[in-house]
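Written below as structure tokens is the structure these notes are about.
The values are calculated or read from the model by the stated rules, or taken from the named source; none is laboratory data. In this text the structure is predicted, and so the values were computed from the model without any measurement. All Cβ positions, glycine included, derive from the backbone under ideal geometry; neighbour counts span all protein chains shown.
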Amino acid sequence: MPYRLEDRVDRAVRRVATEQIDRALRAIDDLEDRHEAVHQVRKRCKKVRGLLRLIRPVCPAYDQENACLRDAARRVSDVRDASSHLETLDDLTEVFDEALGEDVFGAVHAHLEAKRARLAGDALEDELAAIRATLVEVRGRVPAWPIEARGFEAVRGGLVKTWTRAQDAMRTTDDVPTVEAFHEWRKRAKYHWYHLRLLEPLWPDVVEALAEKAHHVANLLGDAHDLAVLLAALAADPPADVSPRTMDALVALAARRRRALERRARPVGERLFGEDADGLAARFGAWWAARDMEQAAAATPAAEAA
């Protein structure tokens, strides 16, 4: 079933968490592609953490489960980062393809590919086995997760808290336009995207459109951050056979591309995070009430409705 809260909150939360963990477990068990398994594990852990953040104020299990999932995903962060570095370099090369005119960064690509292959060796299976054990433990606790509120009140606090943090992080980039500040905004925007996806049944056409915008912002900022991380990785482990001139060109193009991505994210962010938190809560509360009315009307017997 989809990543949506389509039922009573407690039942829907447990269903979504169980489904996401099961998908991560299947990816580990199949292991046809180690890099895809790593990607799926990290993706599913983030989605469950996003779910938990939505109910955080009313779920005492949040701290334990969030830490378990975060630490599990970190076990394979180096492998995922290695894949991301390659993808980021390929994207950068494609953007500036006409200006470059040849395979200028081929040696850099080969260096990154060799590093990724080393990280995806036999030791990765042991890490995935350890992650699997953790996920099985978390899955076993899901049915007992306490949720100390019902209806909209079960999600109101988490929705507003995450959205407010995203707004604050966006504003911070005005005064402190650092890589770290933009990355913080990206993380908060992505969690808001998860929340919009979960709450899409409240008003599908409208919330889906908002979710697409939040995803767009998170992707722009994520791509910008990936460029900064790529340069940091190459600085820490520079390719032996790449000239300083080539590296200088890579640094300049990455910085140019990163600034462009950050600028593109801001107007979309203003539309998403420009209102006050009370307005956000009022809108979603009204949509929740309207959805409840629709469900009640649909459940009314035809004879009574007539």
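Filtering the range 27-59 to residues that are under 26 Å from residue 147 (Cβ atoms) and among the basic types (Lys, Arg) leaves 42, 43, 44, 46, 47, 49, 53, 56. Close Cβ contacts (under 6 Å, 6 or more residues apart or on different chains) running from residues in the range 33-53 that are in contact (Cβ under 8 Å) with a residue 12 or more places away in the chain and within 17 Å of residue 71 (Cβ to Cβ) to residues that are assigned to a helix (DSSP H, G or I) and basic (Lys, Arg) comprise 38/80; 42/80; 44/23.
Listed by position, the helices (runs of 4 or more DSSP H) inside the range 213-306 whose residues that are at pLDDT 95 or above and surrounded by 12 or more Cβ atoms within 10 Å (Cβ to Cβ) number at least 2 are 244-273, 277-299.
Looking only at helices (runs of 4 or more DSSP H) that fall completely inside the range 49-103, which ones have 2 or more residues that are surrounded by fewer than 19 Cβ atoms within 10 Å (Cβ to Cβ), on the phi < 0 side of the Ramachandran plot and touching a helix residue (DSSP H, G or I) at 6+ places or on another chain (Cβ under 7 Å)?
Details: elements: 62-74, 77-95, 97-100.
Output list reads 62-74, 77-95.
Across the range 122-147, the qualifying residues are those that are within 26 Å of the chain's Cα centre (by Cα) and not in a helix (DSSP H, G or I), and the one among them that is surrounded by the fewest Cβ atoms within 10 Å (Cβ to Cβ) is 146.
From 103, 126, grab the single residue that is charged (D, E, K, R), out of contact with any Cys (no Cβ under 8 Å at 6 or more places or on another chain) and closer than 21 Å to residue 23 by Cα. Before you say what the answer is, go through the steps one by one.
Details: 103 fails: closer than 21 Å to residue 23 by Cα.
Result: 126 is the single residue among 103, 126 that is charged (D, E, K, R), out of contact with any Cys (no Cβ under 8 Å at 6 or more places or on another chain) and closer than 21 Å to residue 23 by Cα.
Whether any residue in the range 280-300 is among the hydrophobic types (A, V, I, L, M, F, W, C) and under 23 Å from residue 223 (Cβ atoms) is what I want to check. Break it down into steps so the answer makes sense when it comes.
Applying the first criterion (among the hydrophobic types (A, V, I, L, M, F, W, C)) to the range 280-300 yields 280-282, 284, 286-290, 293, 296-299.
Cutting the leftovers down to under 23 Å from residue 223 (Cβ atoms) gives us none.
No.
Under the condition of being among the aliphatic types (A, V, I, L, M) and outside any helix (DSSP H, G or I), which residue from the range 104-121 is surrounded by the fewest Cβ atoms within 10 Å (Cβ to Cβ)? If you could, list the steps in order and put the result at the bottom.
In the first step, residues of the range 104-121 are kept if they are among the aliphatic types (A, V, I, L, M); the result is 104, 107-108, 110, 112, 114, 117, 119-120.
Next cut, outside any helix (DSSP H, G or I) only: 104, 120.
Numbers: 104: 17, 120: 20.
Only one residue tops the list, namely 104.
Of 147, 131, which residue is farther than 28 Å from residue 225 by Cα and among the hydrophobic types (A, V, I, L, M, F, W, C)? Full working, then the answer.
Values: 131 fails: farther than 28 Å from residue 225 by Cα.
When all the criteria are applied, what remains is 147.
Residue pairs whose Cβ atoms lie under 7 Å apart, separated by 6 or more positions or on different chains, with the first residue in the range 203-225 and more than 27 Å from residue 258 (Cβ to Cβ) and the second modelled with pLDDT of 95 or more and not in a helix (DSSP H, G or I), are 207/199.
Quick one: count up the residues across the range 238-277 that are charged (D, E, K, R) and within 28 Å of residue 156 (Cβ to Cβ).
First, pick out the residues of the range 238-277 that are charged (D, E, K, R): 241, 245, 248, 256-259, 262-264, 266, 270-271, 275-276.
Still in the running and within 28 Å of residue 156 (Cβ to Cβ): 266, 270-271, 275-276.
The number of residues fulfilling the criteria is 5.
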